[in-house]
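Data block below; observations after.
The values are calculated or read from the model by the stated rules, or taken from the named source; none is laboratory data. Source: prediction; values computed, not measured. Note that each Cβ is placed from the backbone with ideal geometry, even for glycine, and that neighbours are counted across all protein chains shown.
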Amino acid sequence: MLNTREIRNGAPMSDQDSLSQRQTRDIGLTFWVTGFVLLVLMPLLNVLPPEDSWLHLSDFSLNRFGKFLAFAILALGLDLIWGYTGVLSLGQGVFFGLGAYCMGMHLMLTIGKESVYGSDLPDFMVWNQVKELPLFWKPFYSFPLAVLGAMLVPTAFALVFGFLAFRSRIKGVYFAIITQALALVAWLVFNRNETNLGGTNGLTDFKQLLGFRLSEPGTQRALYVLTVLCLGGAYLLCRWITRSRAGRVLIAVRDSEPRVVFSGYTPANYKLFVFVVAAALAGLAGMLYVPQVGIITPAQIGVLPSLEIVIWVAVGGRGTLAGAVLGAVSVNLGRSVLTNYFPELWPFILGGLFVVVVLLFPDGLIGIMRQARERFGQLKAKATALPEEELG
Amino acid sequence: MKKVHVTRLSCSGVAAIVTRLSLGLLVLAGMVSLVAGPARAAGAPPSAAPPPLEQALAQIPSEDDAVREAALRVVIEQGDSTILPRLEEIRANADRSIRLAIKPVIDLLKNRAKLEGPDPDARRSAATDLGTLGKPVAIPWLEQAAAKETYKWVRYTMLESAALLKLSGEDQAAKLGAVNALGDLTSQNAVPALKDIVTAGSGAEATEAQQALANAAGASIERIETWAVWSTAIETLFRGISLSSILLIMSVGLAIIFGLMGVINMAHGELMMVGAYATFMTQELFKAFLPATMFDYYFAVAMPMAFLVAAACGMLLEVTVIRFLYGRPLETMLATWGISLVLMQAARVYFGDLTAVAAPAWLSGGLQVMVGVYLPNNRLFIILLSFLCVMTIYAILFRSGLGLRVRAVTQNRNMSACLGIPTRKVDAYTFAFGSGLAGIAGWALTLVGNVEPGLGQNYIVDSFMVVVTGGVGKLAGTIVASMGIGGLNKLLEPSLGAVYGKVCILVLVILFLQWRPSGLFAIKGRHADS
């Protein structure tokens, strides 16, 4: 009874076999065009036109867009686990936070004697009268280890948590609640001072990364380009996963888990795999987020931020990779514009988005685009095609 | 009343005589008896000329310490509350050393007067104050007051204070008696003083009497500490039960809805907030339109208000949103979360960030059940309320037509529909009822915290955990789970701290779900899904 409804969402996805050659070429084209705009055009608009030209893209805008694209990586991960596999994780912010804190710790240590108190220790430790650098901070002196940590810590954590959760077949609402509790608990723990992670104020006041000043526009531009490249990589990885045989099992798990079991598969393993991949992507997103934004606090990893990720994906269109990217960018863009002009209005809009999208537009922006296309009778042949092709 | 008046007059008379004798200042004392009498009878306005007795007291200290001491002693022994205004006046005009000397006298007399006052709480706090002032003169006052005292715990404090005062005296026999008495009273407050006695008695040059005293003190400390272990245990238990009952009130509505429709209403916390604000509004209406004597009734009136307002909100929510999402529990979660954001922000914009509800008088204060265990009335009330709620819900579920239908739909929706039960209607009513329960929870929570937009968020994740751990379909699961989670929370808090206690509980819940993936009491069926 429950699954018949969900199949409706999944139906276009299961038609992958019917893709024609031309459609595949189209997907490639949109992908390359978007990639060109993000990777080449936007940085060029930032560098080339004079500052008063209408074509000029300010450093601030580029940096902000870099942040949105980092969020898009995070959204891709959530789309894998929620949009494709049907497992709602409300704790994705925790994995994002783990990655971000790993990178933040490295950046904290590279401040060195430039800090306010002129000590080798991070400022908040001087504040809290910690005399010696805690042992778990030591590996983060090294940049490669920090990058590795930002990927491996969330992955390992997701592996343990996911193993316990999926092994005992916690699913649906139960899994959502448990992951939400995880987000709450992580928020509480990161807020504590004695965990030596900066408490409520988090990690901030970063100066440099690998010798490059973070305040330089050039550094930020490079970080932006890196984020675009990572997003492209993450997109291709997700695309490859969702189109592989394993990806089909994921969709099958979403649409009817019992049937997958009866067909001789073990859904728990597939779910665990995709949960871990999502966590790794979240860690990567967090790692890219920190040097661009310059601060990471527990407020980024709580219950509400974790839920917001879900709304990005829902707005863009769950179950479509392009939708996740589109949703992350558009919701955050809307947020930063609206909180500027009407700060009190944003929670209403966010809340309204949850309701309206779920009730009226279950396929999100991508779904709306597809409907519009169908209505105008264009591209009739593609009425049942894969949603990914829209944005590529 | 009359009797007190007479005692007072005779007291002051004696005070006048003794002052005269001990100070040997006959002239001044004569003025006391002449002027003080009429002034007292006239109610002693502070602006009147200072009576000669106190004038003497104020003048003499400036000349000779010994005289001052003697005068103050007399004032303490013979004075009463009627001379307080004059003492205050002297104090206000005197220099620092005299002020310091007079202060304890004033405190002693004030507290002595309070010992005989009509309010038991005031009597008790006066007894505590006298104990900490450390003046042995207060011992007979306390003992006399204790002999007359009818309230057990006021008497207890009087005796405790008297014994504490005896400890600081010189009389060995009295000290020994006091040490034993404090042991009998299992007085927590006495432990530092008793420990001092033990250290004094364990020294090499301690006298035999000191050693005997130290032994007795050691025995008393041991008794007190054993008692303390028990009382802490009982208090922890109470706190656990209190938190559990809050969780239970909050999650029971959630659990019924979850059991029936398989959806977690993420706006449940905000429906509680609605109930709390309904209580607040009722209070404001009472303040604005009804006489002050009626004010204490507002809280009783607020309960149906909270229930109805929250139920109406729930009904609206069901009709406009949830109805369209049946069979899609995850989407329902997201939509209700969106609604919770909107409600929270609406409350923030409309009411501002902090509004408090004044608990009615009959719910303030508390109940002392044993030494060191004090149970606040509002917590007791919430425990009682959660019990009543559960009873009512059981009655509705098992003794009414609606309850029968709810149970049928919970067990097998399709079969119930086939048998002619209007499942959609049952859903709507149940959702409204569950929301109303959230309103009642909000009403109760105004007793233990502020009314604020974030009210619902404080415990909501915990109550989700309760529902998940308890499982669907059986209320017993919710009851056991809220007891377990609330109790564990308070049990772990002292040793691990609140945060790590929560971490621990999350781990335990996850481990528990390894063993029982769909909660304590899952409905047994032959679904492939479960």
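List of remarks:
- Complete set of residues in the range B:323-343 that are out of contact with any helix residue (DSSP H, G or I) (no Cβ under 6 Å at 6 or more places or on another chain) and more than 7 Å from chain A (Cβ to nearest Cβ): B:Arg323, B:Tyr326, B:Thr336
- Test: B:Val406 is at pLDDT 85 or above, buried (at least 16 other Cβ atoms within 10 Å of the Cβ), more than 14 Å from every other protein chain (Cβ to nearest Cβ) and farther than 25 Å from B:Ile246 by Cα: no
- A:Ala156 meets the conditions (1) without any contact (Cβ under 8 Å) to a residue 60 or more places away in the chain; (2) more than 9 Å from chain B (Cβ to nearest Cβ); (3) part of a loop (DSSP other than H, G, I, E, B); (4) closer than 25 Å to A:Leu307 by Cα in every case but one. The failed one is (3).
- Residue in the range B:418-427 that is assigned by TED's automatic domain parsing to the domain that holds B:Pro360, within 30 Å of B:Tyr277 (Cβ to Cβ) and in contact with an Asp or Glu (Cβ under 9 Å, 6 or more places away or on another chain) present: yes
- Residues that are small (Gly, Ala, Ser), within 27 Å of A:Val33 (Cα to Cα) and more than 12 Å from the chain's Cα centre (by Cα) within the range A:289-333 comprise A:Ala314, A:Gly316, A:Gly317, A:Gly319, A:Ala322, A:Gly323, A:Ser330, listed in sequence order.
- Residue selected from the range B:177-228 under the condition of a type in the set (Ser, Thr, Tyr) and in a helix (DSSP H, G or I), by the criterion modelled with the lowest pLDDT: B:Ser202
- Test result for A:Val290, touching a Leu at 6+ places or on another chain (Cβ under 7 Å), modelled with pLDDT of 85 or more, within 20 Å of A:Leu98 (Cβ to Cβ) and within 14 Å of chain B (Cβ to nearest Cβ): no
- Any hit, the range A:338-346, residues being over 15 Å from the mean Cα position of the chain (by Cα), surrounded by 17 or more Cβ atoms within 10 Å (Cβ to Cβ) and within 14 Å of another protein chain (Cβ to nearest Cβ): yes
- The one condition in (1) surrounded by fewer than 17 Cβ atoms within 10 Å (Cβ to Cβ); (2) modelled with pLDDT of 85 or more that A:Gln180 fails to fulfil: (1)
- Filter pass, A:Met369 being modelled with pLDDT of 85 or more and over 26 Å from B:Met266 (Cα atoms): no
- Single match in A:Tyr174, A:Tyr101 (criterion: more than 14 Å from chain B (Cβ to nearest Cβ), part of a helix (DSSP H, G or I) and buried (at least 19 other Cβ atoms within 10 Å of the Cβ)): A:Tyr101
- When we screen B:Leu165, B:Leu182, B:Leu213 for residues that are surrounded by 22 or more Cβ atoms within 10 Å (Cβ to Cβ) and over 26 Å from B:Met370 (Cβ atoms), the only hit is B:Leu213.
- Of the residues in the range B:162-172, at least one is in a helix (DSSP H, G or I), under 25 Å from B:Thr226 (Cβ atoms) and either among the charged types (D, E, K, R) or assigned by TED's automatic domain parsing to the domain that holds B:Gln368 (or both).
- Among the conditions (1) in a helix (DSSP H, G or I); (2) more than 22 Å from A:Leu307 (Cβ to Cβ); (3) over 24 Å from the mean Cα position of the chain (by Cα), the only one that B:Pro517 does not satisfy is (1).
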